[in-house]
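Peer 1: The structure's right below; bear with me while I get my questions together.
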Amino acid sequence: MPLKLLGELSALQFLRRYWQKKPLLVRQAIADFAAPLSKREVIELSQREDAESRLIAFTGEGWTLQDGPLSRRQYAAVKNTKWTVLVQDTQHFSMEAHELLARFNFVPHARIDDLMVSYAVAGAGVGPHFDSYDVFLLQGAGRRRWQVSSQKDLRLEKGAPLKVLSNFKSEQEFVLESGDMLYLPPGFAHNGIAETDCLTWSIGFRAPSQQELSAALLDYLRDEISLDGSYCDPDLAPVKHPGEINAAMRRRVRRMLVDIQVASRDATHQLRCLGRHLTDPKPHIFFDLPLPTLSASAFQAAAASLGIVLDLKTRFLYGNGRFFVNGGEFAVDAGGAKLFRELADTRRLSAGAVAAAGGKRFHGELYRAYRDGFLHVA
């Protein structure tokens, strides 16, 4: 079906024509857009220790970058400059932000990263740059001018505290007002300049590098597989060069490492590694435990009466019968699996669904997630 969010394109049409191919400007993607957070709330959020924030300013001497949590003194110091504050993962702190991010559910949850907000004073920006991931730039209050380029010259300014392109050449310009949205594929250079004090919402997508995924798989294999045997060489022969790692030793080691190569190509190992890695919370994220904590029977009764919802910070994915939540994993029987798939897709279960569910395994996993603060009675 056509989506106003995508300029009356269907999700399929958008993905085929634009996704990772070319930019798309949508006027009034969200008509009468009511931003999830106000300027004051963004500033307050940037001062919290459990929020990831940055304060970027440009003066006559160049760029400055300060990581949060930010203080009033830091804001006072940039008062007379062109400054921008950015806050990541606003969906962790606002149900309205979470619902805004859910509008992009035509892309798998495994690919969605976060909803970032930036507040900029008139004339401010973070410099021309490029992202290695897809991004939707949704304008809230105020106006922002976007300059876009498909240039291949992605060299950066030397010595700058943030990644700013040294030779940016704009090819297109768009002024976005409240409710307008610009989609940019990975690698497109862009520069956003606030024409008035403004709020801009960035829907970013996760694109793990090959290095990141390879390192995650090696960490997983180190923890999950156990290999027997030790190096041995009953056919050892006298050597003329004792300091050399000779060909015979290298052959023996290659034979020992075959099992590692086989394990790394195993589809189950790859899925388990990917599920854990993609749901692992960022270092600054923590979950509040339920206080007071309901007993297992009391929780089951409350969930069967009111339903359950995932915590705003919870990442919950599944694949091939396995379920991954905040870096951990579990498996359940077929009946429980159907409900957990629904929970991962919609992030909630109705009271009726919980009440009708049977099986100790299902209710046990549900209660364990509740005790860890990963989900709540609705």
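The values are calculated or read from the model by the stated rules, or taken from the named source; none is laboratory data. Small disclaimer: the values here were computed from a predicted structure and weren't measured. Counting neighbours? That spans all protein chains shown, and the Cβs are built from the backbone with ideal geometry, glycine included. We work out accessible area using only protein heavy atoms, side chains counted, and drop any ligands, DNA or RNA first. Shrake-Rupley method; radii C 1.70, N 1.55, O 1.52, S 1.80 Å.
Peer 1: Of 43, 285, 245, which has the largest mean-square fluctuation in a 10 Å C-alpha GNM of the chain?
Peer 2: 245
Peer 1: With all protein chains present, calculate the accessible area of residue 241 using a 1.4 Å probe and round the result to the nearest 10 Å².
Peer 2: Surface accessible to solvent at residue 241 totals approximately 120 Å².
Peer 1: Hey, could you pull the Cα Rg and Dmax for segment 1-91, both in Å?
Peer 2: 18.1, 51
Peer 1: Next question, about the same structure. Quote the convex hull volume per residue of segment 253-334, based on C-alpha atoms, as a whole number of Å³.
Peer 2: Convex hull of Cα atoms, per residue: 161 Å³.
Peer 1: A further question on this structure: Exposed loop sites here are GluC sites (Glu not before Pro) in DSSP loop states with at most 14 other C-beta atoms within 10 Å. What is the longest stretch of the chain lacking them?
Peer 2: 245-378
Peer 1: Which percent of the Cα-Cα distances in segment 229-281 go past 19 Å?
Peer 2: 52
Peer 1: If you take the Cα Rg of the chain and divide it by 2.2 N^0.38 Å, with N the number of residues, what do you get?
Peer 2: 1.20
Peer 1: In percent, what relative contact order does segment 270-362 have, based on Cα pairs under 8 Å that are 6 or more apart in sequence?
Peer 2: With pairs under 8 Å counted, the relative contact order is 35 percent.
Peer 1: Sequence neighbours fewer than 8 away in the same chain don't count; with that in mind, list the aspartates and glutamates whose C-alpha is under 20 Å from residue 4.
Peer 2: Of all the aspartates and glutamates, those that pass the test against residue 4 - Cα under 20 Å, at least 8 places apart if same chain - are 32, 96, 99, 134, 177, 180.
Peer 1: Only Cα pairs under 8 Å and at least 6 apart count here; give the relative contact order of the chain as a rounded whole percent.
Peer 2: So the answer I get is 14 percent.
Peer 1: If you keep only loop residues by DSSP, which trypsin sites (Lys or Arg not before Pro) in segment 208-270 have at most 14 other Cβ atoms within 10 Å of their Cβ?
Peer 2: Within segment 208-270, the qualifying trypsin sites (Lys or Arg not before Pro) (loop, at most 14 other Cβ atoms within 10 Å) are 240, 265.
Peer 1: Enumerate the lysines that residue 82 could reach by cross-link, defined here as Cα to Cα under 30 Å, with residues fewer than 8 away along the same chain left out.
Peer 2: List returned: 39, 152, 158, 163, 169, 282.
Peer 1: While we're here: Once label points are set 7 Å from the Cα along Cα→Cβ at both residue 320 and residue 261, what is their separation, rounded to one decimal in nm?
Peer 2: Rounded to a tenth, the inter-label distance reads 2.1 nm.
Peer 1: Sum -39500 (n - 2.57) across every DSSP H segment of at least 4 residues in the chain, then divide by the residue count to get the 222 nm mean residue ellipticity, nearest 500.
Peer 2: -9000 deg cm²/dmol
Peer 1: With unit charges on the beta carbon (Lys/Arg positive, Asp/Glu negative), name the residue among 24, 245, 107 whose Cα is farthest towards the positive pole of the charge dipole of the chain.
Peer 2: So the residue furthest toward the plus end is 245.
Peer 1: Now for a different question. Please list, short to long, the whole-number percent of alpha-carbon pairs of segment 187-269 in consecutive 5 angstrom bins beginning at zero.
Peer 2: 2, 8, 13, 12, 11, 9, 9, 8, 6, 5, 5, 4, 3, 3, 1, 1
Peer 1: Now for a separate question. Determine the relative contact order of segment 1-115: mean sequence separation of Cα pairs under 8 Å and six or more apart, normalised by residue count, in whole percent.
Peer 2: Normalised by residue count, the contact order of segment 1-115 is 20 percent.
Peer 1: About its Cα centre, how strong a charge dipole does segment 225-278 have in debye, to the nearest 20, once Lys and Arg get +1 and Asp and Glu get -1 at the Cβ?
Peer 2: 200
Peer 1: Extension gain residue 13-residue 368, at 0.36 nm per residue separation less the Cα-Cα distance, in nm?
Peer 2: 123.7 nm
Peer 1: Could you give P(r) for segment 116-258, binned at 5 Å from zero, as whole percent values over all Cα-Cα pairs?
Peer 2: Using 5 Å bins, I get a P(r) of 2, 8, 13, 14, 12, 8, 5, 5, 5, 6, 6, 6, 5, 3, 2, 1 for segment 116-258.
Peer 1: Same structure, new question: If each of residue 22 and residue 333 carries a label point 7 Å out from its Cα toward its Cβ, how far apart are those two points in nm?
Peer 2: The two pseudo-label positions are separated by 5.5 nm.
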